[in-house]
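Below is one structure; the comments refer to it alone.
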Amino acid sequence: MIASIGWHPVAASSDLPTGHVYQTQLEGQALAVWRSAEGEVNVWEDRCPHRGVRFSIGVAVGNELQCQYHAWRFASGSGACTHIPAHPTQKPAAVIRATIFPVIERGGLVWTRVAEDHSEGTVPLVRDGVVMRALPVNRPAATVEAALLAAELTGATFFVQPLAEGQSVIRGIARDEASLRTLDSALERLRRQLEADHAVI
Amino acid sequence: MLLYDNAMLPECYAVRLLSGLLGVELDLKTVDCYPGRQHREEAFLAINPLGTLPVLDTGDAFLRDWLAALVYLAARYDSSARWLPTADAGRLAAVQEWLSIARLLQSSAGAARLHDSIGMATDIERRRREAHDLLRMTEKHLWFGERGGDDWLVAGAEPTIADIALFVHVILSEEGGIARMPYPAVRRWTERLRRLPNFALMGGVFPMPALDASRTLLSETECQAASAQSATH
Amino acid sequence: MDPILWNDWHVVGDTAALLHGETFATALLGVALQIARAEDGSVGIVQSDGVPVLCDVRYGFIWACLGTPMQPIIDVPELAVEDMTAVIGGAVSVHASAGRAIENFLDLGHLGYVHAGYLGAEPETAVASYNVETLPGGGVLVTGCEVFQPNALMDNQGVMIGYSYKVERPLTAWFQKILLDSGTLVTTAYLFAQPVDEDHCVAHTLLLVPGSAYSAADIRGYQQLIFLQDKPILENQNPKRLPIGPRMEIPILADKTSIAYRRWLAQLGVTYGVVREAAGVPA
Ligand code: FES
Ligand SMILES: [Fe+2]
């Protein structure tokens, strides 16, 4: 397992088909992740600056994300608002923009960082492989990391994405396609143990 | 055919949705179950002693179960047997298995939604846990399906009534406090369904614009190319 | 506790939802309430410790006030108009503050999207300028809104509709729809948003439709369809409480009503279910 400072994987590249807005969280920050028609990946705060609606219930249309409430559109890359249908002939003010986070796509994963009080940190160099299914676990990241280390699973590199209080996601890069199912089942067993240890009666 | 219908209920929506996809016209009769309690009135109980909605009046019979109504519409009006693969034992059994899971979602996610929105009594925490267990299973199935090129619950090029039956409860789950964030493959599957032509909506279900032919899903290689490109920035 | 909301009347249920001899639990401003309807039809409300709560039954709704009412229950003059079909929409609980629900009820810009095909449609999404005034007793009056609606009359015929809106109590909103070319009244609607707690509300609607062309069940069905379209929007707004401080969300000209509503709540000193400081906006 690799611990990274600041930067975390928050989605897989394959999670982002055209038109889709992926929903996740990092350290309590709600995120909307999407890929423009031209292939650019965006990690944005999951909140429209207009009336606070989650971007992740919206749709990506071409190189823009369209909010579900009043259909304002925001440009890939800059997050700048490009169109307000209530005033279709006016150019939206430059201050209207989505809050964007830095993105690096590496090893089939989408990486970002939301905390500002870190030293820069880096995205680890990851070995090529097959991105595993992300497994959400209703336990804190530290607990999950410890359990992963103790489990000594081989054949993959794992990353733990801290979602919000008491929740995390295990992501991993497996060495080969053939081991995907076995590793997935192993992680599911681990999750069952972790969550059972903490079961609500 | 006449559908005894209510705008709030996902089970009624499933029947309208499939009839729309099949191009079958239904006459609708609104039964005001909330707050009017018309489903508890003698007139309705004479049609359906269970007091549940929807009821599909086929002219020959009253179908009092939403899954039965889906089976009937597909078997009767879909000559291609796409929605209900009656001639393929394996796929037919798989459809039935997912219909059973849809029933479990109805009693978990569906009940949670009625609890949260109109105060129906139930053990809410338990209903949510049950729904999450079903969604976890569905997520795994759909994720591995995507890898193998399968877009739908039952392997094959086309969706089946199983997709419709699960969809109506999955898409409204958040109204019962059941977040879909942990289920990205499920979220993508709901979008693929909503992009089908003639896909009807109900209140609470957002439309999905059709993708341009020119903007189909990026292939695996394109994803990797894009990935390599942005990693160098 | 917020004295403005504490000392106001709020709808906490409708009589149709409460048969004789039944009780039912709800909450108002974070206070758990038990509503009981005796066999003789009379209604009583108590808190969990048995302390009775001031209550009244009017217009088919059950009203409660936790403090000392500063004003009587809001007047509904349309109920006195002859040949009016009055329909209670049915209470729907929403995981959002009451203020968010009221603001959505007053919002023109979403009609062509959230209610596409019913109350609006692309490409006619432009919001023409309209008038916003302050009511003599405080509150917001909005007139002169013109909207194309593809299915306002449940007949799939597009019509031009004129809207007026009014907010006279912090958590009650009113609108009136007329046919623009003839001036004929189409619908009057009230939204009474019950503040269950700061992040939850119950939407109680009252619809008044002239004549008897539509059955109560159809009017209710249409209303429920429309409200269900708004519900996931409200439940996906962050924060759940209504931001009323300056520069907290970005309004545009089309949001004049919302701006006036937020400003009025701020002037009144409403603190419950709202966010007043930008710093208070949770991430
Ligand atoms: S809230 Fe996003 S466009 Fe209005
Ligand atoms: Fe609306």
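The values are calculated or read from the model by the stated rules, or taken from the named source; none is laboratory data. Because the structure is predicted, anything quoted here is derived from the model rather than measured. All Cβ positions, even for glycine, are placed from backbone atoms using ideal geometry, and neighbour counts span all protein chains on display.
List of remarks:
- Of the residues making up the range C:248-257, just one is more than 21 Å from residue C:112 (Cα to Cα) and within 7 Å of another protein chain (Cβ to nearest Cβ), namely C:249.
- Here C:89, C:50 are screened, and the one residue that is touching a residue at least 40 places away in the same chain (Cβ under 8 Å) and more than 16 Å from ligand 1 (Cβ to nearest atom) is C:89.
- Some residue of the range C:87-99 being among the polar types (S, T, N, Q), facing chain A (nearest Cβ under 10 Å) and within 25 Å of residue B:203 (Cβ to Cβ): no
- Residues that are free of Cβ contacts under 8 Å to residues at least 40 places away in the same chain, within 16 Å of ligand 2 (Cβ to nearest atom) and part of a loop (DSSP other than H, G, I, E, B) were ranked within the range A:36-77; the one that is surrounded by the fewest Cβ atoms within 10 Å (Cβ to Cβ) is A:52.
- Pairing each residue of the range B:120-134 that is without any contact (Cβ under 8 Å) to a residue 40 or more places away in the chain with any residue that is of a type in the set (D, E, K, R), provided the two are 6+ apart or on different chains, yields no C-beta distance under 6 Å.
- The numbered conditions (1) of a type in the set (Val, Ile, Thr); (2) farther than 20 Å from residue A:53 by Cβ; (3) free of Cβ contacts under 8 Å to residues at least 12 places away in the same chain are all true for residue C:250 except (2).
- Checked against the criterion of being in contact with a Pro (Cβ under 8 Å, 6 or more places away or on another chain) and among the β-branched types (Val, Ile, Thr), the range B:135-157 has at least one qualifying residue.
- Count - residues of the range B:122-169 that are among the small types (Gly, Ala, Ser) and not in a loop (DSSP other than H, G, I, E, B): 4
- Test: residue in the range C:212-229 that is more than 14 Å from chain B (Cβ to nearest Cβ), under 26 Å from residue C:93 (Cβ atoms) and within 16 Å of ligand 2 (Cβ to nearest atom): no
- Pair list, Cβ under 7 Å, 6 or more apart: the range B:180-198 residue more than 8 Å from chain A (Cβ to nearest Cβ), other residue of a type in the set (S, T, N, Q): B:186/B:138
- Hey, residue A:104 more than 16 Å from ligand 1 (Cβ to nearest atom) and of a type in the set (Val, Ile, Thr) or not: yes
- Matching residues in the range C:231-247 - criterion: being more than 8 Å from every other protein chain (Cβ to nearest Cβ) and buried (at least 21 other Cβ atoms within 10 Å of the Cβ): C:234, C:240, C:241, C:242, C:244
- Of all residues making up the range C:208-224, the number that are touching a residue at least 60 places away in the same chain (Cβ under 8 Å) and either buried (at least 20 other Cβ atoms within 10 Å of the Cβ) or not in a helix (DSSP H, G or I) (or both): 11
- Scope the range C:256-283; condition in a helix (DSSP H, G or I) and out of contact with any helix residue (DSSP H, G or I) (no Cβ under 9 Å at 6 or more places or on another chain); matching residues: C:256, C:259, C:260, C:263, C:264, C:266, C:267, C:278, C:279, C:280
- Selection status of residue C:104, within 12 Å of chain A (Cβ to nearest Cβ) and either within 16 Å of ligand 2 (Cβ to nearest atom) or at pLDDT 95 or above (or both): yes
- One residue stands out among those in the range C:12-32 that are assigned to a strand (DSSP E or B) and within 13 Å of chain B (Cβ to nearest Cβ): the one that is surrounded by the most Cβ atoms within 10 Å (Cβ to Cβ), which is C:13.
- Any hit, the range A:73-92, residues being within 10 Å of ligand 1 (Cβ to nearest atom), among the aliphatic types (A, V, I, L, M) and within 14 Å of chain C (Cβ to nearest Cβ): yes
- Picking from residues in the range A:142-173 that are among the charged types (D, E, K, R) and touching a strand residue (DSSP E or B) at 6+ places or on another chain (Cβ under 6 Å), the one that is surrounded by the fewest Cβ atoms within 10 Å (Cβ to Cβ) is A:145.
Yes/no per residue for (1) more than 29 Å from residue C:4 (Cα to Cα); (2) away from ligand 1 (no atom under 16 Å from the Cβ):
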| position | (1), (2) |
| --- | --- |
| C:173 | no, yes |
| C:178 | yes, yes |
| C:186 | yes, yes |
| C:198 | no, yes |
| C:227 | no, yes |
| C:230 | no, no |
| C:233 | no, no |
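Let's see how each residue does on (1) buried (at least 17 other Cβ atoms within 10 Å of the Cβ); (2) modelled with pLDDT of 95 or more; (3) of a type outside the set (Ser, Thr, Tyr):
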{"residue": "B:4", "(1), (2), (3)": "yes, yes, no"}
{"residue": "B:14", "(1), (2), (3)": "yes, yes, yes"}
{"residue": "B:17", "(1), (2), (3)": "yes, yes, yes"}
{"residue": "B:45", "(1), (2), (3)": "no, yes, yes"}
{"residue": "B:49", "(1), (2), (3)": "no, yes, yes"}
{"residue": "B:61", "(1), (2), (3)": "no, yes, yes"}
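- One residue alone among A:16, A:109, A:125, A:26 is buried (at least 19 other Cβ atoms within 10 Å of the Cβ), away from ligand 2 (no atom under 16 Å from the Cβ), farther than 30 Å from residue C:96 by Cα and not assigned by TED's automatic domain parsing to the domain that holds residue A:160, and that residue is A:109.
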